[in-house]
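FYI, it's all coordinate maths here, none of it is from the lab. In this text the structure is predicted, and so the values were computed from the model without any measurement. Here the Cβ is made from the backbone with ideal geometry for all residues, glycine too, and neighbour counts use every protein chain on show.
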Amino acid sequence: MDLYLLNRGSRKVEIAKAKTIQGDVTQPDIASVLKEHRWDVLVDWIAFTEDDIERDIRLFRRKTKQYVFISSASIYQKPPSRPVITESTPLYNPFWEYSRNKIACEERLNRSYRDEDFPITIVRPSLTYDTVIPVAIGGWTEYTIIDRMKRGKQIIVHGDGTSLWTVTHAEDFAKGFVGLLGHQQAIGQAFHITSDEILTWNQIYRAVADAAGCEASIVHIPSDFIAHCEPSLKGTLLGDKAVSVIFDNTKIKRFVPDFRATIPFAQGIKRTLAWFEADPGRQIVRKETNEMMDRILQSYGHSRSKS
């Protein structure tokens, strides 16, 4: 497999055995940068709007045998009418613009497949991690949630912590993903790729605390209260993590029979924290995030004392 990366070159990142094409896909000169190239498979990880898709169709029409769009499992119906999610679950998310934009991207790609045989495959990851901390508030590229746990400060878990969720390690995701590349029967199809491990959010946060070698001082706060206090969290909570989802991976296993997720979250998160702790520069604690969490906790405490 020959891997090419289209990269702006603004960060020095070396990926073994990858060939780099320096260029910015958002700039007008990109067509000339790519004009000599043809690919068996092309994957766009950073298309978020319908305009991005229109650009890709113009750029890569007749230049690839398979165009893979990285969508999102957050596009599935919220709240779901059925807790088990399949690829045929309706696409509907009134809470999160990000998800609605991904739906619009998929709709445009499906039209391009029907109308001009543009060779699409759609992939819908859910909460996928490796060098990020997959919690609802205070994690991802930050170390804030771990710092709070280690200092014995309260952390927020949305709802009562018993809603069900699936967290997928990137290495497990890759097993299903790579199996779709160049797969002729995957053209025109959509897939989600997740672990089969189902956890409550309480279990997720406790696994994070265990990996950090400390106890979690959890305060459960209703998701709508959190979103009211901090509107920026409305999409990721009410439009995603606040509702229980159970992913049925039958379809990806049918197309990629070797796919099986084997990294349980309790193991994977230890690897993630080891990565953060190997370099103090990765342990970013944001003052703004701490202040936001303290503000929500304080507001909730006042609300409860008045009731």
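Computed over the range 38-306, relative contact order equals 23 percent, with contacts defined as Cα pairs under 8 Å that lie 6+ residues apart.
Converting phi to 3J(HN,Hα) with the Karplus coefficients 6.51, -1.76 and 1.60 and the offset θ = phi - 60°, the range 170-175 yields 4, 5, 5, 3, 4, 4 Hz in sequence order, with x at every glycine or proline. Amide H to amide H distances under 5 Å link I21 with L5, L6, N7, where only residues 5 or more positions off or on other chains count and H is placed in the peptide plane. For the residues I146, I57, I226, a GNM of the chain with alpha-carbon springs under 10 Å puts the largest fluctuation on I57. For the residue pairs K65/K241; K102/K270; K35/K253; K17/K65; K102/K241, the alpha carbons lie more than 25 Å apart in K65/K241; K102/K270; K35/K253.
Among the trypsin sites (Lys or Arg not before Pro) within the range 146-215, those in coil by DSSP and having at most 11 neighbouring Cβ atoms inside 10 Å are R151. Under 5 Å between amide hydrogens, built in the peptide plane, is the criterion, and for I187 it picks out nothing among residues at least 5 positions away or on other chains.
What's the longest bit of the chain with no exposed GluC sites (Glu not before Pro), using DSSP loop states and at most 14 other Cβ atoms within 10 Å as the test? The answer is 37-214. Using the Cα gyration tensor of the range 51-198, with a ≥ b ≥ c the square roots of its eigenvalues, what is the shape: rounded (a/c below 1.5), prolate (a/b larger than b/c) or oblate (neither)? Prolate. In this structure, the amide hydrogen of Y143, modeled 1.01 Å from its nitrogen in the peptide plane, lies closer than 5 angstrom to those of I284, V285, R286, counting only residues at least 5 positions away or on a different chain. Over the range 38-306, with a single point scatterer placed on each C-alpha, what log10 of the ratio I(q)/I(0) does the Debye formula yield at q = 0.12, 0.15, 0.16 1/Å? Debye curve over Cα of the range 38-306, log10 I(q)/I(0) at q = 0.12, 0.15, 0.16 Å⁻¹: -0.78, -1.14, -1.25.
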